[in-house]
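The values are calculated or read from the model by the stated rules, or taken from the named source; none is laboratory data. None of the values given here were measured: they were computed from a predicted structure. Here the Cβ positions follow ideal geometry from the backbone for every residue, glycine too, while neighbour counts run over all protein chains shown. Areas reflect the complete protein model, heavy atoms only, side chains present, ligands, DNA and RNA absent. Shrake-Rupley method; radii C 1.70, N 1.55, O 1.52, S 1.80 Å.
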Amino acid sequence: MRKWALSSALLLLFLLTTLPDPAKKLQVNAEESSDDLANPPKVEEKLGAVPHGLSTDSEVAQREAESISRKTLRSSAEKFEFQAEVSRLMDIIINSLYSNKDIFLRELISNASDALDKIRFLSLTDKEVLGEGDTAKLEIQIKLDKEKKILSIRDRGIGMTKEDLINNLGTIAKSGTSAFVEKMQSGGDLNLIGQFGVGFYSVYLVADYVEVVSKHNDDKQYVWESKADGSFAISEDTWNEPLGRGTEIRLHLRDEAKEYLEEDKLKEVDVEVPADEDETSEEEDSSPETTEEETEEDEEKEKKPKTKTIKETTSEWELLNDMKAVWLRSPKEVTDEEYSKFYHSLAKDFGDDKPMGWSHFTAEGDVEFKALLFIPPKAPHDLYESYYNSNKSNLKLYVRRVFISDEFDDLLPKYLSFLRGIVDSDTLPLNVSREMLQQHSSLKTIKKKLIRKALDMIRKLAEEDPDEYSNKDKTDEEKNEMEEKKGQYAKFWNEFGKSIKLGIIEDATNRNRLAKLLRFESTKSDGKLASLDEYISRMKPGQKDIFYLTGSSKDQLEKSPFLERLTKKNYEVIFFTDPMDEYLMQYLMDYEDRKFQNVSKEGLKLGKDSRLKDLKESFKELTEWWKKALESESVDSVKVSSRLHDTPCVVVTSKYGWSANMEKIMQAQTLSDSSKQAYMRGKRVLEINPRHPIIKELRDKVAQDNESEELKQTARLVYQTALMESGFNLPDPKEFASSIYKSVHKSLDLSPDAAVEEEDEAEEQPEVEEKEPAAKEGSEPSFDKDEL
């Protein structure tokens, strides 16, 4: 049997309420004669049991065992009929409202929490209502009895009178808590939500017989019992141990609900008990003859009682809610060490790394809640593996300090699911199903505020990092004070940068806020991460667009021909090397009124070039001829380029089509359809460098003989080389290789008729495996010295 305690101290003793009182006589069982008085329960200390343990005398224990083992209503109890529509409503609750059977435990604990709140509120004006000793301890206990299949939940709350049991548990619409709030409206801000009627009946999801033992300060102790068959019974409790004050609910679980008894914590301890005489005599008979000295020693031992060691099952309370409610305290009162310790307890993170940051705040207004968010020190290894198929959330939802669920994926968007934390709302209802709670209007407001606070928390990481651009104007002394935070945002970006990019893709409302958190390397970042604000601060006068280039690696991009003219003119270009960046830039069209321009696509403008018009006219014949020569290559046009310096030509795509890098990404998809990809593949444009000698020579050759097949072959070879250098896959690698070999053939001045030498056909001999000689029997294996 395992017992849990849900308060700040262990509770096992009911001493003050169970001590015999000479002036008071206990009422006898209804089945016994009224003239015979029952003995008052005795409190005994059980040897070998857990410290602070408690046991009643045998008669009380026997009566209690009989009461909890039965599943029929007591014949002496007063019978009542449920409200007419109770049966129908119970069917709705069990079959529709509560799709998750675990809901019953939350309902009962939330009701118990409300009962504690009631007595606590009354004690503000009358301290005597709490009683003394253990009765004054406001706590909830959960007790499992696997053998009898009974789950018990007990609280030391306000308890219920006989009339309360009839009204609150016999009528679905009646709510003891709401009635209490109506009476206490003048008392101030008391907003207890638990509705004992509806939530209570979820117990029949797992139980076929329920007992409710309750004791109110103004009444005797009563037992309510029902099998949910249309009736219930109430009788005065003379057989159970006195509660002092509060309520205990006993669920007799169905066979299919045994899983709620599996989490047991049986501990066996070695205890010494008197040995049986038979066992002792057998040991003596089997012992060998002893000497006179040994006999004297045995006589001394016989003076001590003989004992033996056996295994005895004991039980103890285990404190479950050992996490202190840090989120309920003022942020000014909580130390960094306390925040770190709470995070490790919350996240079950047993490492030494502190969380990167946290945000502790209280939201007020129409929706009131307290929240504490953490940025973990490391990302889970599977954070992005099943991003769109997983609904995992790392936020725990509480309502008035009662844990509701950690499965509310609507509290934060999926891209912020890496955050850990707690949300405790005073507005949300307690006793409704999780499905209904997800549709509550307050959740949208909570989600909106959580997103804003989460993004502010991440932005604060950058503001506190001395390596960040935002701190460039700070003095050395100020930066030294921030030394502990040095590099923290770069660490965050390496762990969770993909989440920020996913947010830009998914969250249009906060896209600009998320864009400020974006980091990248560029042609001027010197290997460090830069922000868009830092890029804008370095833009050249007159520059209107933000230039970027996508590819598989930084090293590859740094050698790209698309950068030649840009770097020569001292323009900064952003490097996007993550495959996700291609999708990102389809959504991030502009930032701070500046548009993004992929330098590998059409539309690049680097200022006016007065010579460009004349160059286009000069190379008009070549561009028209070249386009015609490349008809089989699906080239849309051939143009004079303003982006090249050392390279003869490049292939660019249309502004809204796929880039070369995006084409590779899509082709690598497992379920990609090449026939459908043709719609998104951008039109290819060959841009030529009018200052390059190869291009000039081609222009002159075309002017002399534009029908030369050899010249057309050269033009196709130059195009295929540019296609490959621009990052595209060659449609026909074999043709390209043949053209290269022909060029090499010609450069070596080989005869056009030179052929590959024929191979002599020699007769093939079958291979014969050489067998190692068998070692002689009894001989040692020999080794070569070189082998050793």
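Yes/no per residue for (1) in contact with a strand residue (DSSP E or B) (Cβ under 9 Å, 6 or more places away or on another chain); (2) part of a loop (DSSP other than H, G, I, E, B); (3) open to solvent by 20 Å² or more (accessible area, probe 1.4 Å); (4) aromatic (Phe, Trp, Tyr):
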| site | (1), (2), (3), (4) |
| --- | --- |
| Gly497 | no, no, no, no |
| Ile500 | no, no, no, no |
| Asn512 | yes, no, yes, no |
| Asp526 | no, yes, yes, no |
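For the stretch 621-635, filtered to residues that are within 20 Å of Gly682 (Cβ to Cβ) and free of Cβ contacts under 8 Å to residues at least 60 places away in the same chain, the residue that is surrounded by the most Cβ atoms within 10 Å (Cβ to Cβ) is Lys627.
Looking at Ser99, Ser76, which one is part of a loop (DSSP other than H, G, I, E, B), modelled with pLDDT under 75 and not assigned by the TED database to the domain that holds Tyr260? Ser76 is the lone residue from the list that is part of a loop (DSSP other than H, G, I, E, B), modelled with pLDDT under 75 and not assigned by the TED database to the domain that holds Tyr260.
Whenever a residue of the stretch 198-225 is within 15 Å of His252 (Cβ to Cβ) and open to solvent by 30 Å² or more (accessible area, probe 1.4 Å), its partners that are modelled with pLDDT of 80 or more and basic (Lys, Arg), lying with C-beta atoms within less than 6 angstrom and at least six residues away or across chains, give the pairs Asp208/Arg254. The set of residues in the stretch 120-140 that are within 37 Å of the chain's Cα centre (by Cα), within 24 Å of Ser152 (Cα to Cα) and either open to solvent by less than 30 Å² (accessible area, probe 1.4 Å) or among the hydrophobic types (A, V, I, L, M, F, W, C) (or both) comprises Leu138, Glu139, Ile140.
Looking only at residues in the stretch 530-559 that are buried (at least 20 other Cβ atoms within 10 Å of the Cβ) and free of Cβ contacts under 8 Å to residues at least 60 places away in the same chain, the one that is nearest to Val652 (Cα to Cα) is Leu549.
Among the residues of the stretch 636-671, those that are of a type outside the set (Phe, Trp, Tyr), free of Cβ contacts under 8 Å to residues at least 60 places away in the same chain and open to solvent by 50 Å² or more (accessible area, probe 1.4 Å) comprise Asp636, Lys639, Lys655, Ala668, Gln669, Thr670, Leu671.
Yes or no, residue by residue, for (1) under 26 Å from Gln556 (Cβ atoms); (2) touching a residue at least 12 places away in the same chain (Cβ under 8 Å):
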residue	(1), (2)
Asp673	no, no
Gly682	yes, yes
Leu698	no, yes
Leu711	no, yes
Tyr719	yes, yes
Met724	yes, yes
Ser738	no, no
His745	no, no
Asp749	no, no
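Within the stretch 457-495, the residues that satisfy the criterion of being small (Gly, Ala, Ser), surrounded by fewer than 20 Cβ atoms within 10 Å (Cβ to Cβ) and assigned to a helix (DSSP H, G or I) are Ser470, Ala490. Against the list (1) modelled with pLDDT under 85; (2) assigned to a strand (DSSP E or B), the condition Asp189 fails is (2). Considering every residue within the stretch 435-455, establish whether at least one is open to solvent by less than 80 Å² (accessible area, probe 1.4 Å), basic (Lys, Arg), at pLDDT below 85 and assigned to a helix (DSSP H, G or I). No, every residue in the stretch 435-455 fails to be open to solvent by less than 80 Å² (accessible area, probe 1.4 Å), basic (Lys, Arg), at pLDDT below 85 and assigned to a helix (DSSP H, G or I).
Would you check if there is a residue in the stretch 562-569 being open to solvent by less than 20 Å² (accessible area, probe 1.4 Å), closer than 29 Å to Asp732 by Cβ, touching a Pro at 6+ places or on another chain (Cβ under 9 Å) and at pLDDT 90 or above? Scanning the stretch 562-569 turns up no residue that is open to solvent by less than 20 Å² (accessible area, probe 1.4 Å), closer than 29 Å to Asp732 by Cβ, touching a Pro at 6+ places or on another chain (Cβ under 9 Å) and at pLDDT 90 or above.
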